[in-house]
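Input: a single structure, listed below in structure tokens.
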Amino acid sequence: MESALSGEVGITTHSDGYLHAAAAFEGEGSCIAEARQLAAGFLTRAHTEHGVPVSQRSVELVRLVVSELITNALKYATGPILLDLRIADGLIEVGVWDSDPRLPVARAADVGRVGQHGLEIVMAVCQGFEAMREPVGKRITARLALTDAPVSDSSGSACLQHCSS
């Protein structure tokens, strides 16, 4: 696991063709900006060094999703936060692990509510969404298209999905 503080995004290329980067954060406020920068750097390097098509809109959406998921981890859990980025089949998978086992619940849309729209936003912009308990804590995973063209997730569905196993 690479520390986000190292400044350089390390990309691992796996034998089955996907690109991967990961970082651990100490759970301090500055980690939100660091995580956003890490995600943008990962996508930039995937594009420039590996020829992966990535739209500017996708970079901005990934930065938004990373920001919302890391913010929620900071707000609801104590201890370290793990960010896992994976590119395969025209999608980027953003995984965030934290120590709190409680799964998030998206609230019903309410234009009058101030705040607490993060999960609602994430689910609106991604092609796939999962929340799963781990032996310790939970892992939230959002899948987003790398280009502006619609892309299905690995299950063949372009719909949002929320798993709570």
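The values are calculated or read from the model by the stated rules, or taken from the named source; none is laboratory data. Since we're looking at a predicted model, the values are computed, not measured. FYI the Cβ positions are ideal-geometry reconstructions off the backbone, even for glycines, and counts take in every protein chain you see.
Of Ile92, Ile81, all but one fail to be buried (at least 21 other Cβ atoms within 10 Å of the Cβ), in contact with an Asp or Glu (Cβ under 6 Å, 6 or more places away or on another chain), hydrophobic (A, V, I, L, M, F, W, C) and closer than 15 Å to Ala22 by Cβ; the exception is Ile81. Considering only residues in region 2-42 that are assigned to a loop (DSSP other than H, G, I, E, B) and under 12 Å from Leu85 (Cβ atoms), the one that is modelled with the lowest pLDDT turns out to be Val9. Taking the conditions (1) in contact with a Lys or Arg (Cβ under 7 Å, 6 or more places away or on another chain); (2) in contact (Cβ under 8 Å) with a residue 24 or more places away in the chain in turn, Ala40 satisfies each one other than (2).
Of the residues that make up region 117-134, is at least one within 16 Å of Glu93 (Cα to Cα), modelled with pLDDT of 70 or more, of a type in the set (D, E, K, R) and surrounded by 14 or more Cβ atoms within 10 Å (Cβ to Cβ)? Taking every residue of region 117-134 in turn, at least one turns out to be within 16 Å of Glu93 (Cα to Cα), modelled with pLDDT of 70 or more, of a type in the set (D, E, K, R) and surrounded by 14 or more Cβ atoms within 10 Å (Cβ to Cβ).
Please determine, by comparing only the residues of region 10-37 that are of a type in the set (Val, Ile, Thr) and free of Cβ contacts under 8 Å to residues at least 40 places away in the same chain, which one is surrounded by the fewest Cβ atoms within 10 Å (Cβ to Cβ). Before the answer, list the steps.
Residues of region 10-37 that are of a type in the set (Val, Ile, Thr), as a first pass: 11-13, 32.
Cutting the leftovers down to free of Cβ contacts under 8 Å to residues at least 40 places away in the same chain gives us 11-13.
Working: Ile11: 17, Thr12: 11, Thr13: 13.
Only one residue fits best here, namely Thr12.
Having 3 or more residues that are touching a Cys at 6+ places or on another chain (Cβ under 7 Å) is the bar; report the strands (runs of 3 or more DSSP E) wholly within region 47-156 that clear it. Don't jump to the end; show me each part of the working.
Details: elements: 81-88, 91-98, 128-133, 138-145.
In region 47-156, 128-133, 138-145 are the strands (runs of 3 or more DSSP E) which contain 3 or more residues that are touching a Cys at 6+ places or on another chain (Cβ under 7 Å).
Filtered by the rule that a residue be surrounded by fewer than 17 Cβ atoms within 10 Å (Cβ to Cβ) and without any contact (Cβ under 8 Å) to a residue 24 or more places away in the chain, region 48-67 gives Thr48, Gly51, Gln56, Glu60.
Leu103 meets each of the listed conditions (1) surrounded by fewer than 17 Cβ atoms within 10 Å (Cβ to Cβ); (2) within 16 Å of Leu146 (Cα to Cα); (3) touching a strand residue (DSSP E or B) at 6+ places or on another chain (Cβ under 6 Å) apart from (2).
Can you tell me which residues in region 35-88 are among the charged types (D, E, K, R) and more than 23 Å from His117 (Cβ to Cβ)? Those that are among the charged types (D, E, K, R) and more than 23 Å from His117 (Cβ to Cβ): Arg45, Glu49, Asp84, Arg86.
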